[in-house]
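Presented below is the structure to which this report refers.
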Amino acid sequence: MGPRALRGMAALALAAGLGTGCATTSRVDTLEQRVGALEQRVASAERKADDATATAKQAQQAAAAAEQQAAAAAASANDASRRADAMFKKSVAK
């Protein structure tokens, strides 16, 4: 191969390289900005999900406490009902 053939092949390779759409600096900068914006959105979504999880956990704890209070109130009501029944039966029996 002579120098002329090498130059022709080099020109062809250069044209092929330029024709394939090499990313320009401005395109890379634009993509980096978009990636940065997406990373911020993901971080924001993660924070919101963490906050929602914490709120759900607090609600679950409050519901468990309310359930315990309701069970205690029901037990107290049942006890009062038994005592009232006993008092009524005692008053009728006299």
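Every read-out reported here was derived from the displayed coordinates using simple, explicitly stated rules and does not represent laboratory data. Just so it is clear, the structure is predicted and the values come from calculations on it, not from any experiment.
Could you tell me the ratio Rg/Rh of segment 23-93? Both radii from Cα atoms, Rh via Kirkwood. Rg/Rh: 1.71. For segment 80-92, 3J(HN,Hα) computed residue by residue from phi via the Karplus equation (6.51, -1.76, 1.60; θ = phi - 60°) reads 4, 5, 5, 5, 5, 4, 4, 5, 5, 4, 5, 6, 6 Hz, glycine and proline entered as x.
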